[in-house]
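The values are calculated or read from the model by the stated rules, or taken from the named source; none is laboratory data. Just so we're clear, the structure is a prediction, and the values are computed from it rather than from any experiment. Every residue, glycine as well, gets a Cβ built from its backbone with ideal geometry; the counts of neighbours run over all protein chains shown.
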Amino acid sequence: MEEENQENQKQVIETKKIQLENRLKSIEYVTNIRQVINLQQMSFQYNEKNDIIKNVYEGGFKLWECTLDLLQEGQNIFQDKNVIDLGCGHGLLGLYAMQEGAKQTVFADFNIEVLNMVTKKNLELNFGFEKINKKVAFLSGDWENLPEKMKQKQNDIEVDENFSKNTSYPEIFDVLLMSEVIYNQDNYQKIVNLCKNIMNPNGGICILANKLFYFGCGGSMPEFTEFLEKNYAEIFEFETLEFINNKKGNKREIFGIRRRQ
């Protein structure tokens, strides 16, 4: 019965490839999310109409628009770097970093179901586990708990015959990647705390891709920038790396945060 279920799961996997400009490699990801997660046990009731359920589900099954912006922006800074994809969802930013030669990559999402059902599958589609067992780790839960999990070398992904837990990942990262995370004003301080606690103070960077405004949610890039200027201008320097205005929808921004030297 177990083998039959596994075979049925394989049959329903549908994927799509993202071909990035000026790059030979593409990134493949699962597209039929509803069918995939219906085969698994969930700790919460997932509804495609709800992008986010506060403190329960933080949108990891959805592929967010600004993730594609950050991929196309094409940062070429990952070679031999330690990278963490925060709020990773599908994990495409972390996968891109791995393709570009990242030394170690950690995928972090609020929901362990997202990591097990989607992120892990996308990792397998693009790399195969045998090549990267010791180069990746997975962490679930609220960002406030990540530094302590890292100290304890936790790795939350389920293990199978093809994948073993990596417990030698770093606690400090050269590159922090985030997409569509400032929709919630509560995340402003959490982002700063991560930059303080896990970003390499000597040349590390946090790169965020967000819509300019999140209507109905409260967060916005102007407000987040003001929050940084008012409270942390002496600690961090920050700048717009790219501004995106296709005149078809909400303007978007790719933003960088570094420690002042």
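Here are some notes:
- When residues in the stretch 19-60 are screened for being in contact with a Lys or Arg (Cβ under 9 Å, 6 or more places away or on another chain), modelled with pLDDT of 80 or more and more than 14 Å from Met117 (Cβ to Cβ), 4 of them pass.
- Residues that are modelled with pLDDT of 95 or more, crowded, with 18+ Cβ neighbours inside 10 Å and in contact with a helix residue (DSSP H, G or I) (Cβ under 9 Å, 6 or more places away or on another chain) are absent from the stretch 215-222.
- Cross-chain or 6+ apart pairs with Cβ under 7 Å, the stretch 181-202 first and surrounded by 14 or more Cβ atoms within 10 Å (Cβ to Cβ), then modelled with pLDDT under 95 and among the polar types (S, T, N, Q): Val181/Asn187; Val181/Asn210; Ile182/Asn210
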